[in-house]
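Q: Would you mind keeping the following structure in view while I ask a few things?
The values are calculated or read from the model by the stated rules, or taken from the named source; none is laboratory data. What you see is a predicted model, and the numbers here were worked out from it, not measured in a lab. Counting neighbours? That spans all protein chains shown, and the Cβs are built from the backbone with ideal geometry, glycine included.
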Amino acid sequence: MSEEEKKAKILFIDDDNFLRKVYKSELSEHNYEVVLAANGDEGLAKANTEDPDLIILDMIMPKKNGFEVLIELQGNAKTKNIPVIILSNLGQDDDVKKGLDLGAVDYLVKDNITLVDIVNKVSQYLNSKTKSKKARNNGVESFPKT
């Protein structure tokens, strides 16, 4: 299977077992490969071994919270360029600002978002990442539209 045909891999890090199953099912139906992690430590380990194309990250988790995970992802040469979408119940402006300042590409509040919205966001970020990668391979700089 060529790189073009390869399914995009999403790492979904959340301590809620039900949400992990629901999001894995929904994203798999849209032809994404989904890897699950139940806490921050497991998520960091899988980010290093699974080489995901995108990470969806909860903030409130055992062992390491999402902010700590994001800091470690950004500090690691292997994972710092993986787009991270935060999906959390923490919706205060300070939390959103902190998550984006730490390098997340988007911050979504669970109560304000649907499964369809998540699939659309994932598609948006993966498509812009693919376009940027193709442009780099052709020696052309490309910047995703925001």
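Q: What number of residues within the stretch 79-96 satisfy the criterion of being in a loop (DSSP other than H, G, I, E, B), in contact with a helix residue (DSSP H, G or I) (Cβ under 6 Å, 6 or more places away or on another chain) and either charged (D, E, K, R) or surrounded by 18 or more Cβ atoms within 10 Å (Cβ to Cβ) (or both)?
A: 3
Q: Now for a separate question. Is it fair to say TYR23 is more than 18 Å from ASN127 (Cβ to Cβ), of a type in the set (Phe, Trp, Tyr) and touching a residue at least 60 places away in the same chain (Cβ under 8 Å)?
A: yes
Q: Looking only at the stretch 50-63, decide whether some residue is free of Cβ contacts under 8 Å to residues at least 40 places away in the same chain, farther than 15 Å from ARG20 by Cβ and either assigned to a loop (DSSP other than H, G, I, E, B) or touching a His at 6+ places or on another chain (Cβ under 9 Å) (or both). Lay out the reasoning, then the answer.
A: Of the residues in the stretch 50-63, the ones free of Cβ contacts under 8 Å to residues at least 40 places away in the same chain are 63.
If we keep only those that are farther than 15 Å from ARG20 by Cβ as well, we get 63.
This time we only want the ones that are either assigned to a loop (DSSP other than H, G, I, E, B) or touching a His at 6+ places or on another chain (Cβ under 9 Å) (or both), so: 63.
Yes, the stretch 50-63 has at least one match.
Q: When residues of the stretch 24-63 are filtered for being under 22 Å from VAL96 (Cα atoms), in contact with a helix residue (DSSP H, G or I) (Cβ under 7 Å, 6 or more places away or on another chain), modelled with pLDDT of 95 or more and not aliphatic (A, V, I, L, M), how many remain?
A: Result for the stretch 24-63: 3.
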